[in-house]
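Structure first, then comments.
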Amino acid sequence: MNNILEIRDLIVSFASDGRKERAVAVNGVSLSVPKGGIVGLVGESGCGKSVTSLSVMGLLADNGRVDSGEILLDGEDLLKLSDRQRRDIRGNRISMIFQEPMTSLNPVLTIGHQVTEAIRRHSDMDKAAARARAIEMLDKVGIPEPEKRMGNFPHQLSGGMRQRVMIGMGMAMAPELLIADEPTTALDVSIEAQILRLMRDLQRAGGTSILMITHNLGVVAELCDEVYVMYAGEVVEHADVYTLFRECAHPYTRGLMASLPRMTPKGKRLYNIPGTVPNLRAMPQGCRFAPRCEYATEHCHSEKPALKDIGGGHLCRCFRG
Amino acid sequence: MAELLRAERLVKEFPVKRGTVHAVSGVSFTIAKGETLGLVGESGCGKSTLGRLLLNLLEPTSGAVWFKGQDLSELKGREQRELRRGMQMIFQDPYASLDPRMSVGSLIMEPLNAHRVGNRREREEQVRGLMEQVGIRPEFFGRYPHQFSGGQRQRIGIARALALNPELVICDEPVSALDVSIQAQILNLLADLQKARGLTYLFISHDLNVVRYLSDRVMVMFLGQICELSPTEALYENPRHPYTKFLLEAVPQPDPTLRDAERVLLTGEVASPLNPPPGCRFHSRCPWADAICREKQPDLVEMAPGHLCACHHPMVDREIF
């Protein structure tokens, strides 16, 4: 087993009040995270990247449901486990960090209390040992004077510090997989760079695999080995990071790359993808990107392209290939 | 180019329980008619406060803002309102800045009503014209903000800001809440409007790539002070202030071949504007700080034509990393 995580044909839908039909947010997604690798999952708001990761955690909202598919953690299908078994896996074998560390930490409990509790919940350490481990973790993620910081409340720390605490908590049990959902989006650039470096160091040192969910192509280029690009609930392209940035094939990926301001000198118009993401309840018949695609033909509007290998494991969902 | 706006030794302090927040400390600069001045800096550097001071939404503790040759603080009531019509603002969050209970048409018309422009029919005519200019179909006059996507809402915010035909528009992080493909649409729209209407922009952003694309000159702030102000390319190609250099180094670039380049990252936290240190405000994070930096505040001096820098040891033609 070379993959720590394997998602196969995942379909996730949501009910919304007053409607019979469920909205399909993730439509047949397959992806894998190799052991010790960092895999990026990229896409814009509403493409299904966060829903995919929440399905892995088993943390979908009440109106959400996995309709079909498999989520294998080191070969074991998480969807076949009981709630209790999944709870044990969360935090122990898979951890997740979120965009806004303030809302993920309890504002009325000290940092020390929260990190220590998280460790005790997932191990049989006694209080003193868990506390020592907590201090060790805070130190590892670069929090100065960790012993003193243990007594602080979340609001007494800066955003960057809070995200370090979350990472420290997430890494405390040396999980096999860390899912990071936009972990640096709310942070300043100088702090973002520190957090990215920290994540890479931890991954190199401890062998934790990382699934990095982001909309930021800069972050992907900086950190990831492989990338999946999602659009409207589906994977549209997959390649190793160098191939993707050198020769991306899908018109959507190309559009995303071209609309980055860095590539365009001042005065020239930025490339932009016309239109907006389709509504979950009104998906186009054929290729889901066709209404926004400058190369779309009639064929694209009537038939849906499959995700196919265009060479050396580079996958692309487009008739043009 | 003719001067449109001048800030003179602007200071804004907020007294709080534990001391004084020095949000803006003696900032002077000018904006020429028709140019785009980019303003970058990290959270808490005072860039948003500065934007609000320029618009007189906040009253400065000391210093003055001159707009079209008139001192804003000298004017009272009606005269001040008249002058301020010429400067408007576009906000970051298109979800929070539009009243959800007002139709799009009435939102855009509100400033026209407030300034009693024309009669009802003329105003409606004008609103439809504005909607067309920003790319919102005039038929949507009676729709509500929640019926629009984030990008469309930002267009509505732009139409509202343009209703009174301003000369200066202060854009406070106008694209940071938007997806990449939508961000490019809005940046292009801002460029088109500038051309069509001869607008002048102060473009506040933490995204250095976006600022580079859009600005003629760029101003970098750190803890309430300008540390560097320069024509755009000179700043990016040849930064003089260590802080600017660090900021540029920290931005994750969408190019994986650059990832292993030796980058020097800023250590430590963004310092607090609450009771900032004496001397150069950057000294506690600057690797080259010495005795003079800890004692004396550096002046903003011209290092090359139009290139200003406030540093005792500016980086002049030397390899430092």
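Any residue in the range A:169-196 that is under 25 Å from A:R120 (Cα atoms) sitting within a Cβ distance under 6 Å of a residue that is open to solvent by 10 Å² or more (accessible area, probe 1.4 Å) and part of a helix (DSSP H, G or I)? List the pairs, counting only those 6 or more apart or interchain.
A:M169/A:A118; A:M171/A:L202; A:A174/A:G206; A:D181/A:S50
Which residue is modelled with the highest pLDDT, if the candidates are limited to the range A:28-49 and must be open to solvent by 40 Å² or more (accessible area, probe 1.4 Å) and not charged (D, E, K, R)?
A:S30
For the range B:159-187, which residues satisfy the criterion of being within 25 Å of B:R84 (Cβ to Cβ), assigned to a helix (DSSP H, G or I) and open to solvent by 20 Å² or more (accessible area, probe 1.4 Å)?
Residue satisfying the conditions is B:R160 alone.
Any residue in the range A:209-224 that is of a type in the set (A, V, I, L, M, F, W, C), outside any helix (DSSP H, G or I) and over 27 Å from A:R246 (Cα atoms)?
No, the range A:209-224 contains no residue that is of a type in the set (A, V, I, L, M, F, W, C), outside any helix (DSSP H, G or I) and over 27 Å from A:R246 (Cα atoms).
List pairs: first in the range A:141-167 and on the phi > 0 side of the Ramachandran plot, second open to solvent by 10 Å² or more (accessible area, probe 1.4 Å) and not hydroxyl-bearing (S, T, Y), Cβ under 8 Å, 6+ apart or cross-chain?
Filtered contacts from the range A:141-167: A:G142/A:R164; A:G142/A:Q194; A:G142/A:L198.
Given (1) outside any loop (DSSP other than H, G, I, E, B); (2) within 26 Å of A:I7 (Cβ to Cβ); (3) within 14 Å of chain B (Cβ to nearest Cβ), identify the lone condition not met by A:A118.
With (1) outside any loop (DSSP other than H, G, I, E, B); (2) within 26 Å of A:I7 (Cβ to Cβ); (3) within 14 Å of chain B (Cβ to nearest Cβ) applied to A:A118, the lone miss is (3).
Just one of the numbered conditions (1) assigned to a helix (DSSP H, G or I); (2) within 27 Å of B:S149 (Cβ to Cβ); (3) open to solvent by 50 Å² or more (accessible area, probe 1.4 Å) is not true of B:E79; which one?
(2)
Evaluate the range B:255-267: report whether one residue or more is touching a Ser or Thr at 6+ places or on another chain (Cβ under 6 Å), under 23 Å from B:M87 (Cα atoms) and crowded, with 22+ Cβ neighbours inside 10 Å.
no
Hey, can you tell me all the residues within the range B:240-270 that are in contact with an Asp or Glu (Cβ under 7 Å, 6 or more places away or on another chain) and away from chain A (no Cβ under 11 Å)?
B:R240, B:H241, B:T244
I'm trying to understand the selection: among the residues of the range B:215-253, which are among the aliphatic types (A, V, I, L, M), surrounded by 24 or more Cβ atoms within 10 Å (Cβ to Cβ) and assigned to a helix (DSSP H, G or I)?
B:L235, B:L247
If you scan the range A:17-27, which residues turn out to be open to solvent by less than 40 Å² (accessible area, probe 1.4 Å) and outside any strand (DSSP E or B)?
Correct list: empty.
Residues in the range B:188-205 that are open to solvent by less than 10 Å² (accessible area, probe 1.4 Å) and not in a helix (DSSP H, G or I): how many?
Residues flagged as open to solvent by less than 10 Å² (accessible area, probe 1.4 Å) and not in a helix (DSSP H, G or I) within the range B:188-205 amount to 7.
Looking only at the range A:241-276, filter to residues that are assigned to a loop (DSSP other than H, G, I, E, B), modelled with pLDDT of 85 or more and surrounded by 18 or more Cβ atoms within 10 Å (Cβ to Cβ); which one of those is farthest from the other protein chains (Cβ to nearest Cβ)?
A:A249
I'd like the full set of residues that are in contact with a strand residue (DSSP E or B) (Cβ under 6 Å, 6 or more places away or on another chain), without any contact (Cβ under 8 Å) to a residue 40 or more places away in the chain and surrounded by 15 or more Cβ atoms within 10 Å (Cβ to Cβ), limited to the range A:52-78.
Residue satisfying the conditions is A:L78 alone.
Give the residues of the range B:111-153 that are within 14 Å of chain A (Cβ to nearest Cβ), among the basic types (K, R) and either open to solvent by 40 Å² or more (accessible area, probe 1.4 Å) or within 21 Å of B:E82 (Cβ to Cβ) (or both), sorted by residue number.
Matches in the range B:111-153: B:R137 only.
Can you tell me which residues in the range B:1-39 are surrounded by 14 or more Cβ atoms within 10 Å (Cβ to Cβ) and either of a type in the set (S, T, Y) or outside any strand (DSSP E or B) (or both)?
B:T20, B:S25, B:S28, B:T30, B:K33, B:G34, B:E35, B:T36
I'd like the full set of residues that are farther than 27 Å from B:F203 by Cβ and modelled with pLDDT under 90, limited to the range B:80-116.
B:R116
Please give the number of the condition A:P175 fails out of (1) within 30 Å of A:L5 (Cα to Cα); (2) open to solvent by 60 Å² or more (accessible area, probe 1.4 Å).
Failed condition: (2).
What tally of residues in the range B:38-80 results from selecting those that are in contact (Cβ under 8 Å) with a residue 40 or more places away in the chain and acidic (D, E)?
Here the count works out to 1.
Suppose the filter is outside any strand (DSSP E or B) and open to solvent by 10 Å² or more (accessible area, probe 1.4 Å); does B:L53 pass it?
Here the answer is no, as B:L53 does not meet what is asked.
Of all the residues that make up the range B:195-210, how many are away from chain A (no Cβ under 11 Å) and either under 17 Å from B:E173 (Cα atoms) or of a type outside the set (D, E, K, R) (or both)?
Looking only at that region, the number is 8.
With the condition kept exactly as written, say whether any residue in the range B:211-221 is under 19 Å from the mean Cα position of the chain (by Cα), within 11 Å of chain A (Cβ to nearest Cβ) and free of Cβ contacts under 8 Å to residues at least 24 places away in the same chain. Write out each step before concluding.
Going through the range B:211-221, the residues under 19 Å from the mean Cα position of the chain (by Cα) turn out to be B:211-221.
Still in the running and within 11 Å of chain A (Cβ to nearest Cβ): B:211-216.
Next, from what is left, pick out any that are free of Cβ contacts under 8 Å to residues at least 24 places away in the same chain: none.
No, the range B:211-221 contains no residue that is under 19 Å from the mean Cα position of the chain (by Cα), within 11 Å of chain A (Cβ to nearest Cβ) and free of Cβ contacts under 8 Å to residues at least 24 places away in the same chain.
For (1) over 24 Å from A:V141 (Cα atoms); (2) of a type in the set (S, T, Y); (3) part of a helix (DSSP H, G or I), each residue gets a yes or a no:
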site	(1), (2), (3)
A:I11	yes, no, no
A:S32	yes, yes, no
A:V39	no, no, no
A:S53	no, yes, yes
A:V56	yes, no, yes
A:L59	yes, no, no
A:N92	no, no, no
A:T103	no, yes, yes
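Could you check B:L107 against (1) farther than 28 Å from A:S45 by Cβ; (2) open to solvent by less than 50 Å² (accessible area, probe 1.4 Å); (3) of a type in the set (A, V, I, L, M); (4) more than 14 Å from chain A (Cβ to nearest Cβ) and say which number it fails?
(1)
So that you can scan it fast, the table gives a plain yes or no per residue for (1) within 14 Å of chain B (Cβ to nearest Cβ); (2) of a type outside the set (A, V, I, L, M):
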{"position": "A:N152", "(1), (2)": "yes, yes"}
{"position": "A:G159", "(1), (2)": "yes, yes"}
{"position": "A:L178", "(1), (2)": "no, no"}
{"position": "A:I195", "(1), (2)": "yes, no"}
{"position": "A:R200", "(1), (2)": "yes, yes"}
{"position": "A:G207", "(1), (2)": "no, yes"}
{"position": "A:V220", "(1), (2)": "yes, no"}
{"position": "A:V236", "(1), (2)": "yes, no"}
{"position": "A:A239", "(1), (2)": "yes, no"}
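Can you name every residue in the range A:66-88 that is farther than 17 Å from A:T52 by Cβ and assigned to a helix (DSSP H, G or I)?
Applying the first criterion (farther than 17 Å from A:T52 by Cβ) to the range A:66-88 yields A:74-76, A:80-85, A:87-88.
Within the range A:66-88, A:K80, A:D83, A:R84, A:Q85, A:R87, A:D88 meet the criteria.
The values are calculated or read from the model by the stated rules, or taken from the named source; none is laboratory data. In this text, all values refer to a predicted model and were calculated from it rather than measured experimentally. Cβ: placed from backbone, ideal geometry, glycine included. Neighbour counts: every protein chain shown. Surface areas here come from the heavy atoms of the whole protein model, side chains and all, with no ligands, DNA or RNA. Shrake-Rupley method; radii C 1.70, N 1.55, O 1.52, S 1.80 Å.
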